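One structure below.
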Amino acid sequence: MTGSSTPATAELTAATWRTSSYSAANNECVEVATAGPWVGLRDSTRPHAATLAVPANSFTAMIDALRTGAL
């Protein structure tokens, strides 16, 4: 991690990306990776395009809200 408040590009590039099991069937795949305190999200059909990085605790809160129907 660099001294900035966002993950370095190298951290996300070196991260292990995994494809969502829900999106694999229709070729509209979302990939997720952890880079320190960050979670990266990207389009698996364009892995070198833009990546969204969010704090891991915010990502967890979003997933929890989706599971409980709050979102």
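The values are calculated or read from the model by the stated rules, or taken from the named source; none is laboratory data. No experiment lies behind these values; they were computed from the predicted model shown. Glycine gets a Cβ as well: all are built from the backbone with ideal geometry, and neighbour counts include every protein chain shown. The accessibility values were calculated without ligands, DNA or RNA, using every heavy atom of the protein model including side chains. Shrake-Rupley method; radii C 1.70, N 1.55, O 1.52, S 1.80 Å.
Annotations for the structure displayed:
- All positions within the stretch 45-71 that are more than 20 Å from A10 (Cβ to Cβ) and assigned to a loop (DSSP other than H, G, I, E, B): T45, G69, A70, L71
- The residue pairs whose first member lies in the stretch 42-70 and is open to solvent by 60 Å² or more (accessible area, probe 1.4 Å), whose second member is in a strand (DSSP E or B) and of a type outside the set (S, T, N, Q), and whose beta carbons are closer than 6 Å, counting only pairs six or more residues apart or on different chains, are L52/L41.
- Residues (in a loop (DSSP other than H, G, I, E, B), surrounded by 14 or more Cβ atoms within 10 Å (Cβ to Cβ) and at pLDDT 90 or above) located in the stretch 5-41: W17
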